[in-house]
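Read through the structure below, which is laid out as structure tokens, and then see the notes.
Computed from the coordinates by the stated procedures, all read-outs in this text should not be read as laboratory data. Since we're looking at a predicted model, the values are computed, not measured. Cβ atoms come from the backbone with ideal geometry, glycine included; neighbour counts cover every protein chain shown.
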Amino acid sequence: MIRVLPDTNIIISSIFWKGKPYEVIRKGILGEYQLVISVELLDEVVDKLRNKFQFPEENIQELVDILMNHCQIIEVRSKFDVVRDKNDNKLVECAFDGKVDYIITGDSDLLDLKEFKGTKIIDAKEFLEDINKK
């Protein structure tokens with residue numbers, strides 16, 4: 001099964017808007033591919049929802065429950081320093097340890113890499129086009 005790591009902004013966009021990020025998360029939840037996330041990335045989603053968007057706590061907990069039930073949670077052990085924005089290295093680390101096929105992001109620092117150790121780094125639109133070909 002294809003393994004997919006959505007970044008924080010893809011997850012958050014899927015909550016507020018019904019666009020390509022929403023489709024990426026929806027199809028993963030429906031089991032078309034395996035969603036993968038780390039505890040650190042999940043914590044980042046919660047932090048942004050709580051502090052940036054003032055999302056209600058009960059809705060945050062509901063989202064965490066959904067992600068915990070539908071994502072494989074990866075324990076990240078690897079360390080890499082390959083992304084221009086050092087804060088984004090946690091995504092390639094999770095992808096590597098989680099044996100991920102795709103990182104889905106809109107972040108230009110990550111997209112500039114295009115690929116990391118066999119993991120394709122693409123945006124939501126390109127990913128959806130890619131899997132529809134298969």
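Look through D81, D101, D107, D123 and report the one residue that is free of Cβ contacts under 8 Å to residues at least 40 places away in the same chain and among the charged types (D, E, K, R).
The unique qualifying residue is D81.
Among the residues of the stretch 77-86, are any touching an Asp or Glu at 6+ places or on another chain (Cβ under 7 Å), surrounded by 17 or more Cβ atoms within 10 Å (Cβ to Cβ) and over 23 Å from G28 (Cα atoms)?
Within the stretch 77-86, one or more residues are touching an Asp or Glu at 6+ places or on another chain (Cβ under 7 Å), surrounded by 17 or more Cβ atoms within 10 Å (Cβ to Cβ) and over 23 Å from G28 (Cα atoms).
Please return the ranges of strands (runs of 3 or more DSSP E) entirely within the stretch 12-108 where 1 or more residues are hydroxyl-bearing (S, T, Y) and within 23 Å of E129 (Cα to Cα).
102-104
Regarding the stretch 36-58, can at least one residue be identified that is hydroxyl-bearing (S, T, Y), in contact (Cβ under 8 Å) with a residue 12 or more places away in the chain and crowded, with 21+ Cβ neighbours inside 10 Å?
Yes, some residue in the stretch 36-58 is hydroxyl-bearing (S, T, Y), in contact (Cβ under 8 Å) with a residue 12 or more places away in the chain and crowded, with 21+ Cβ neighbours inside 10 Å.
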